[in-house]
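Encoded as structure tokens, the structure appears first; notes follow it.
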Amino acid sequence: MPSQSSDWRPRASASRIRHISIDCAEPYALAQFWATATGWSLGPGDKPDDDEVAVVGPDPETVPILLFIRVPEGKTVKNRLHLDLGPAETPRDEEVKRLIAAGATRVADHIWPDGRGWVVLVDPEGNEFCIESSDAEIAARRAQAAASHAEQTGG
């Protein structure tokens, strides 16, 4: 059971997440989709017939590698774990369109009237993931809320 301490920073001896492994039928094709989605690179030397294909982020020492592993069985139920992606600058809705063009399918919208929320997509093999508001959209909402608060309080 995790400690109830207010010190949430990782300890030096704590394990780190090296890989997020995703079972799939076609590792290379799915890794290509996720490389497009994240802007990361395929693992050096990974080939279309490999049983394991990596998608490597900007710093593999601190950012987990996405590892796609060929398995014989197909996906049958909803994922118990999924990725939530937050674009940096591109608005959420534009990112959703980009990923649909890359092979994703829209499953559900959880967008609120004020623009907050997320969109659920599935990758080409049916693995769920979410697209949240972009960093730029979040910053704009915070700035708008701060300005509104200042206006209401006279500050």
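Values computed for the structure shown
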quantity	calculated
Charge dipole (debye, nearest 20) of the range 45-120; +1 at Cβ of Lys and Arg, -1 at Cβ of Asp and Glu	420
The chain - share of DSSP beta bridges that are antiparallel (%, nearest 5)	65
Neighbour-count order for 76, 105, fewest beta carbons within 10 angstrom listed first	76, 105
Trypsin sites (Lys or Arg not before Pro) restricted to the range 47-155 and DSSP loop, no more than 11 other C-beta within 10 Å	78, 80
Cβ-placed point charges (K, R +1; D, E -1), dipole of the chain about Cα centre in debye, nearest 20	420
Along principal axes, Cα extents of the range 77-155, largest first, whole Å	53, 24, 18
Those lysines that a straight Cα-Cα span of less than 26 Å connects to residue 47, excepting residues fewer than 8 apart in one chain	75
Partners for residue 97 among aspartates and glutamates (Cα-Cα distance below 15 Å; same-chain residues under 8 apart left out)	89, 109, 123, 132
Where the Cα pairs of the range 47-106 fall when distances are cut into 5 Å bins, in %	4, 12, 13, 22, 25, 17, 7, 1
Rg/Rh for the chain, where both radii come from Cα atoms and Rh is the Kirkwood radius	1.05
Loop sites in the range 34-107: GluC sites (Glu not before Pro), DSSP, at most 11 other Cβ within 10 Å	61, 73, 89
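Laboratory data are not the source of any read-out in this text; all were calculated from the coordinates shown. None of the values given here were measured: they were computed from a predicted structure. When we count neighbours, we look across all protein chains shown, and the Cβ atoms used for this are built from the backbone with ideal geometry, even at glycine.
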